[in-house]
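Here's the structure we're looking at; comments come further down.
The values are calculated or read from the model by the stated rules, or taken from the named source; none is laboratory data. Worth saying up front: this structure is predicted, and the values here are computed from it rather than measured. Ideal geometry is used to build each Cβ from the backbone, glycine not excepted, and the neighbour counts take in all protein chains shown.
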Amino acid sequence: MQQLEQNLKTALQAAAQAVFNQDIPAASLVLQPTRKDFAGSFTLVTFPLTKAFGKGPEQIGQALGEWLTANAPAVRGYNVVKGFLNLEIADAEWLKLFTELAQQPAGAPVPFDGPKKVVVEYSSPNTNKPLHLGHLRNNFLGYSVAEILKATGATVTKANLVNDRGIHICKSMIAYQRFGAGATPESEGLKGDHLAGKYYVLFEKHYREEIKQLEAEGVTNEVAKKQAPLMLEAQQMLQQWEAGDEEVMALWHRMNGWVYDGFNATYANIGVDFDKFYYESGTYLLGKERVEEGLQKGVFFKKENGSVWVDLQAEGLDEKLLLRADGTSVYITQDLGTAELKYQDFGYDSSIYVIADEQNYHMQVLQATLKKLGKPYADAIHHLSYGMVDLPSGKMKSREGTVVDADELVKEVEEAAEAATLEKGKTEGLSDEELAQLYHTLGLGALKYYLLKVDPKKRMLFNPAESVRLEGDTGPFIQYSYARISSIRRKALAQGVIETTDFSQYGELHSTEQELIQQLAGYASVVAEAARSLSPAVIAQYVYEVAKSYNRFFTEVPILKEDIEPTKKAFRVALSAKTAQTIKASLGLLGIDVPERM
């Protein structure tokens, strides 16, 4: 596609010289795809040329178009709409381009001038609760961004920083001690992460009751929150944990082990993976060393109560707590340690943190603090800030148990996929095992596509009913397009149609064939744009348009009818095959599988 555009620019330069005696730099000639309601494939905006050419934009377009159709073999026609010159490309050019596409090996790196060593950190769950809908957007986004960057040839490490320590973990542990009565995942019939989450909710329930009791005794709300017995116990447990108390550590290992088993089952089910796990329990001590380093350098300071702070007011931020007065660490402490560990391990030139926009300030503080310390990797930190996921009923809250559980949601979309498939009656010839896999593939495809087709920066409303639609701008519609092509290829094989890679003798193209070739040729530039913007939504929009174009082609152009000449059959099957390859590759970048049959 780039070569075709370059050839058009060279022809336009020749036209400008021949008609207007003007030398125009190729960089000033910006070609864009022609709008679908006009004939043509590429459009040149002529308004910027009026001053140099001394003519109106329509006159310029008309003159350039006439010269090109007479002298440039790649241009077969044109039309001018005000200041826009729309160029129609000769079929021979499209066939030449498609021949090149068909001969390209699958999986070749996409040209991109971005970072080459990248760490993408995502998921980052707390070990006091199971994954929920918000975590799903995070996991799908992080996984997809990593796959997109891999497609550009970058070396990418998928990292998961597990929040396995802190006051929130102690809350679940205290509640388990108080109310657990020795319960285990087996005795309760629950996944380990769900069991820990149950006690986190119980802590908050009883904590609120204690606050109300203290307020009834005349204590202010602010003081009651600090003096509630459960909170004091949790704070004491955190100190015991950092001191290595044997009993506390044993309970911590036991409960976290349950949670990890639960997390791993969920990760496997939703199709995300990691190359490296970090644990806050293993990074906070290095973070404390960095805090001590900052004190020695004079870039951090202590307050009278012994707490350590950094002053970032000159950076437009504020003073930030780095270490509590009792010596226990906070989130930023271990984040300082983790950033250094990742750099030691991978020497990254870009470290992407997939974290919700609620943590925008925190990430600004982390980067500014590392700059204060003079760390060479401070500028490599990039916060991929994404919008939170809301429900029609409002914001999700883990402590109140109002979240949409990830495991339950995946099960629901699988059931919806099953119902839709059975309604269409397309299950013949598939075993029970194959059907279960199909429902999982379709359900997860619907969920991933729904969460990834929205630009990451946008806050989104999760509508359960809309997410599981299996038609329209959805994952299953695109998956169905792939399965349709797989069926066509099987039939073509049975008919003895040979897929060739030389289409110079094909003849005249149908408009849907030309449109499809142009879209397929845009794959590399789309992936590069997605990598540049760190937005899987760019891929989602592209593959949806490809699927729509293919379905128009399928509807309007016969592929395997008996009266179609062999050359045309071979070309149309090859065009279908390249489309399938592109759909599969694009959905793969979103973490979505494709079914061979539907």
Somewhere in the stretch 527-541, is a residue free of Cβ contacts under 8 Å to residues at least 40 places away in the same chain, part of a helix (DSSP H, G or I) and β-branched (Val, Ile, Thr)? yes
For LYS171, work out the one condition from (1) touching an Asp or Glu at 6+ places or on another chain (Cβ under 9 Å); (2) of a type in the set (Lys, Arg); (3) surrounded by fewer than 24 Cβ atoms within 10 Å (Cβ to Cβ) it doesn't fulfil. (3)
What number of residues within the stretch 311-370 satisfy the criterion of being of a type in the set (Lys, Arg) and in contact with a Phe, Trp or Tyr (Cβ under 6 Å, 6 or more places away or on another chain)? 0
Pick out, from the stretch 210-322, the strands (runs of 3 or more DSSP E) lying fully within it that include 2 or more residues that are of a type in the set (Val, Ile, Thr) and in the same structural domain as TYR343 (by TED's automatic domain parsing). 308-311
Expected single match for at pLDDT below 95 and touching a strand residue (DSSP E or B) at 6+ places or on another chain (Cβ under 6 Å) among GLU280, GLU242, GLU319 is GLU280
Which residues, counting only those in the stretch 545-573, are under 23 Å from GLY496 (Cα atoms), out of contact with any helix residue (DSSP H, G or I) (no Cβ under 6 Å at 6 or more places or on another chain) and not in a loop (DSSP other than H, G, I, E, B)? PHE554, THR555, PRO566, THR567, LYS568, LYS569, ALA570, PHE571, ARG572
Per-region count, the stretch 110-132, residues part of a loop (DSSP other than H, G, I, E, B), over 30 Å from GLU204 (Cα atoms) and in contact (Cβ under 8 Å) with a residue 24 or more places away in the chain: 6
Mind checking which pairs have a first residue in the stretch 32-48 that is part of a loop (DSSP other than H, G, I, E, B) and a second that is among the charged types (D, E, K, R), Cβ under 7 Å, 6 or more apart or different chains? ALA39/GLU88; GLY40/GLU88; SER41/GLU88
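Results for (1) without any contact (Cβ under 8 Å) to a residue 12 or more places away in the chain; (2) more than 18 Å from the chain's Cα centre (by Cα); (3) part of a loop (DSSP other than H, G, I, E, B), shown as yes or no for each residue.
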| position | (1), (2), (3) |
| --- | --- |
| GLU412 | no, yes, no |
| GLY429 | no, yes, yes |
| HIS440 | no, yes, no |
| TYR450 | no, no, no |
Please tell me if TYR506 is in a loop (DSSP other than H, G, I, E, B) and in the same structural domain as GLY429 (by TED's automatic domain parsing). yes
By residue number, the members of the stretch 491-517 that are free of Cβ contacts under 8 Å to residues at least 24 places away in the same chain and surrounded by 12 or more Cβ atoms within 10 Å (Cβ to Cβ) are LEU493, SER511
For the stretch 84-109, name all the residues that are outside any helix (DSSP H, G or I) and small (Gly, Ala, Ser). ALA90, ALA106, GLY107, ALA108
Among the residues in the stretch 330-344, are any touching an Asp or Glu at 6+ places or on another chain (Cβ under 7 Å), more than 25 Å from LEU149 (Cα to Cα) and surrounded by fewer than 20 Cβ atoms within 10 Å (Cβ to Cβ)? no
Given the criteria crowded, with 18+ Cβ neighbours inside 10 Å and touching a strand residue (DSSP E or B) at 6+ places or on another chain (Cβ under 7 Å), does LYS303 qualify? no
Residues in the stretch 323-333 that are in a helix (DSSP H, G or I) and hydrophobic (A, V, I, L, M, F, W, C): how many? 1
